[in-house]
Protein chains: 2
Amino acid sequence: MNSSVPEGDATVPEGNAVVPEGNAVVPEGYDPHAFAPFAVTVDLAVFTVRDGALQVLLVERGQEPYAGRWALPGGFVLPAESAETAARRELAEETGISDLSGLHLEQLRTYSEPDRDPRMRVVSVAFAALGPGLPEPRGGGDAARAEWRPYGTFGALAFDHDVILADAHERIGAKLEYSCLATSFLPPEFTLGELQQVYETVWGTALDRPNFRRKVLATPGFVEPVPGGARLTGGRGKPAALYRAGTAGALHPPLLRPEGRL
Amino acid sequence: MNSSVPEGDATVPEGNAVVPEGNAVVPEGYDPHAFAPFAVTVDLAVFTVRDGALQVLLVERGQEPYAGRWALPGGFVLPAESAETAARRELAEETGISDLSGLHLEQLRTYSEPDRDPRMRVVSVAFAALGPGLPEPRGGGDAARAEWRPYGTFGALAFDHDVILADAHERIGAKLEYSCLATSFLPPEFTLGELQQVYETVWGTALDRPNFRRKVLATPGFVEPVPGGARLTGGRGKPAALYRAGTAGALHPPLLRPEGRL
DNA sequence: TCCTTTATAGTCGTTCTGACCATAAAGGAG
DNA sequence: CTCCTTTATGGTCAGAACGACTATAAAGGA
């Protein structure tokens, strides 16, 4: 049967829109080629680098199941929305953060195990998101609370959100190698030291400063110097030059994690 | 609202399971936090290398819309299935290929634009799949016909399948660089020449044979020699040694496409 | 006025890469 | 049987890239 549409023998069953409860089973008399209704949600693994640590945005659940447990922000996709639109809307609703323009959103994958939600059949499109110094979330919408938590400092999350979060972290780490994604963690203007800190924080490894600098500057389109800028404020050492993100999307050759080198 | 479950104010609306027709709009009196039903499908971009060309598995549509047009194989996810399970089942149904054990299946991403299907709201989980010398498809299930077509030799596909196919090709090409994925195109035992041909076919570029060989053999866990094998049949030149896939999953350092080198 | 801290420049030896050339071992044409 | 073509495999060599490391510059704090 073909893809995104029910064929002739597969008309939309108005009176057949069975909502499976619990572990769904094909209902009796159900045409396996007919439209079966699912709930579609989005889940977001939102990362930021604050205070030199990798932080994740979590919300506290108010209702059962998993009441009181931390979970990834997310929610239902509305009939007129794409998953991407729903992701931005839900994030804004649950955190009270209105300016999501600087947020990098990227589809991770879709989680569709039949038993991933104990109550009903839910398919969830997961996103990985990165943002520079996002403000403290307010906890709106249906989230009891919303907080930044350092990655790895919390227990088991609700549903399969531990898996989603781990997948997202792995994906982000891998993408830093061959894309300019790291600049999404930073404000429009940044120093090479800050860029290096992003890599070190996400990868959890220390990098050699002169070598990192040489590599970044040798990659065309990764960063470009800000015309007249040097930074003075707060720094204890020599002021660093300011850079902004370049026009390249991919890094060639890639900036590999030290671990991979054996 | 949280992810994979409706909260207290979001009970499953039995009489509210509106199936949006056409460009869906939020129905009047619809609680935006309630469960909204979607049809969930899978679409598969299945690649293989045959006769030195990259081939894609396509099916011909029998019904409107897009009747007579070629499309990617796929179909509805059943209530008790994950998207991965549905993908294998649909592929077997539509092609008559029973042995899908050697097939590499990998989630690409989910396409959820509200207007991607002219008839109803369909969210599709797309997969990229690779297989060694798969048999001629029989065209069963709801597919009028099923055929291998050389990539790039066909016109516009149905729905947004052109985009899905292009995304899949790009993903496969990128993954060849840093993973052992190429062996998924080949039978259990293969020569280095065949492995090189996979890279050349997918990337569309010629590679230097001695250099390719040196690189592959220098990467630990990529391939390992078959104890007592040399190949004689059919070849016009010197018989090549046989190799099988190694245990490594990732390639470090990666095998980069020549284009990226500038 | 040190001392610490951070940024930046440069060195040096190893490894990797791309562009080659050379040889080995098969089948086919004459 | 003898070239000739084809494919596999082994090797060279210069330049680029990389990791480890040293040195200098410019700020703030003790």
Write out, first by first residue and then by second, each pair whose Cβ atoms fall under 8 Å of each other, whose residues are 6+ apart or on separate chains, and whose first residue, in segment B:183-202, is assigned by TED's automatic domain parsing to the domain that holds residue B:235 while the second is of a type in the set (Ser, Thr, Tyr). B:185/B:48; B:189/B:243; B:190/B:183; B:190/B:243; B:191/B:243; B:192/B:243; B:195/B:183; B:195/B:243
Matching residues in segment B:171-189 - criterion: being in a loop (DSSP other than H, G, I, E, B) and surrounded by fewer than 17 Cβ atoms within 10 Å (Cβ to Cβ): B:187, B:188
Anything in segment B:69-85 that is of a type outside the set (A, V, I, L, M), touching a strand residue (DSSP E or B) at 6+ places or on another chain (Cβ under 7 Å) and either more than 8 Å from chain A (Cβ to nearest Cβ) or assigned to a loop (DSSP other than H, G, I, E, B) (or both)? List them, or say none. B:70, B:73
Which numbered condition residue B:243 misses (of (1) closer than 27 Å to residue B:101 by Cα; (2) in contact with a Lys or Arg (Cβ under 6 Å, 6 or more places away or on another chain)): (2)
Would you check if residue A:134 is at pLDDT below 95 and in contact with a strand residue (DSSP E or B) (Cβ under 6 Å, 6 or more places away or on another chain)? yes
Selection from segment B:86-117 of residues that are more than 14 Å from the chain's Cα centre (by Cα) and either closer than 12 Å to residue B:45 by Cα or assigned to a loop (DSSP other than H, G, I, E, B) (or both): B:96, B:97, B:98, B:99, B:101, B:112, B:113, B:114, B:115, B:116, B:117
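Take residue A:119 and decide whether it is of a type in the set (D, E, K, R), touching a helix residue (DSSP H, G or I) at 6+ places or on another chain (Cβ under 9 Å) and within 7 Å of chain B (Cβ to nearest Cβ). I'd like the intermediate steps shown before the answer.
Details: of a type in the set (D, E, K, R): yes; touching a helix residue (DSSP H, G or I) at 6+ places or on another chain (Cβ under 9 Å): no; within 7 Å of chain B (Cβ to nearest Cβ): yes.
Against the criterion (of a type in the set (D, E, K, R), touching a helix residue (DSSP H, G or I) at 6+ places or on another chain (Cβ under 9 Å) and within 7 Å of chain B (Cβ to nearest Cβ)), residue A:119 does not qualify.
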Across segment A:118-137, which residue is farthest from the chain's Cα centre (by Cα) among those that are surrounded by 14 or more Cβ atoms within 10 Å (Cβ to Cβ) and among the charged types (D, E, K, R)? A:119
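Here are B:168, B:126, B:143: which of them is closer than 16 Å to residue B:74 by Cβ, in a loop (DSSP other than H, G, I, E, B) and in contact with a strand residue (DSSP E or B) (Cβ under 8 Å, 6 or more places away or on another chain)? Steps first, please.
Working: B:168 fails: in a loop (DSSP other than H, G, I, E, B); B:126 fails: in a loop (DSSP other than H, G, I, E, B).
Only one candidate qualifies: B:143.
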Which one is surrounded by the most Cβ atoms within 10 Å (Cβ to Cβ) among residues in segment A:67-104 that are touching a Lys or Arg at 6+ places or on another chain (Cβ under 7 Å) and among the hydrophobic types (A, V, I, L, M, F, W, C)? A:71
Quickly run through segment A:48-68 and pick out the residues that are within 8 Å of chain B (Cβ to nearest Cβ) and within 16 Å of the chain's Cα centre (by Cα). A:59
Is at least one residue of segment A:150-162 polar (S, T, N, Q), out of contact with any Cys (no Cβ under 6 Å at 6 or more places or on another chain) and more than 16 Å from residue A:56 (Cα to Cα)? no
Filter segment B:156-170 down to residues that are free of Cβ contacts under 8 Å to residues at least 12 places away in the same chain and exposed (fewer than 14 other Cβ atoms within 10 Å of the Cβ) and give me whichever is nearest to the other protein chains (Cβ to nearest Cβ). B:170
Any residue that is at pLDDT 95 or above, within 13 Å of DNA strand D (Cβ to nearest atom) and under 27 Å from residue B:179 (Cα atoms) - is there at least one of those in segment A:162-175? no
Does residue B:217 satisfy being more than 24 Å from the chain's Cα centre (by Cα) and either more than 11 Å from DNA strand D (Cβ to nearest atom) or more than 14 Å from chain A (Cβ to nearest Cβ) (or both)? yes
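Give me the residue from segment B:190-209 that is part of a loop (DSSP other than H, G, I, E, B) and away from DNA strand C (no atom under 12 Å from the Cβ) and, out of that set, surrounded by the fewest Cβ atoms within 10 Å (Cβ to Cβ). Walk me through it before giving the result.
From segment B:190-209, those part of a loop (DSSP other than H, G, I, E, B) are B:191, B:204-208; that's our starting set.
Checking which are away from DNA strand C (no atom under 12 Å from the Cβ) leaves us with B:191, B:204.
Working: B:191: 18, B:204: 14.
Result: B:204.
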Within segment A:146-155, restricting to residues that are assigned to a strand (DSSP E or B) and surrounded by fewer than 21 Cβ atoms within 10 Å (Cβ to Cβ), the one that is nearest to the other protein chains (Cβ to nearest Cβ) is A:147
Every residue in segment A:227-262 that is at pLDDT 85 or above, more than 9 Å from DNA strand C (Cβ to nearest atom) and either in contact with a Pro (Cβ under 8 Å, 6 or more places away or on another chain) or in a loop (DSSP other than H, G, I, E, B) (or both), please. A:244, A:245, A:246, A:247, A:248, A:249, A:251, A:254, A:255, A:256, A:257
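The values are calculated or read from the model by the stated rules, or taken from the named source; none is laboratory data. Since the model is a prediction, treat every value here as computed from it, not as a measurement. Cβ sites come from the backbone with ideal geometry, for glycine too, and all protein chains shown count toward neighbours.
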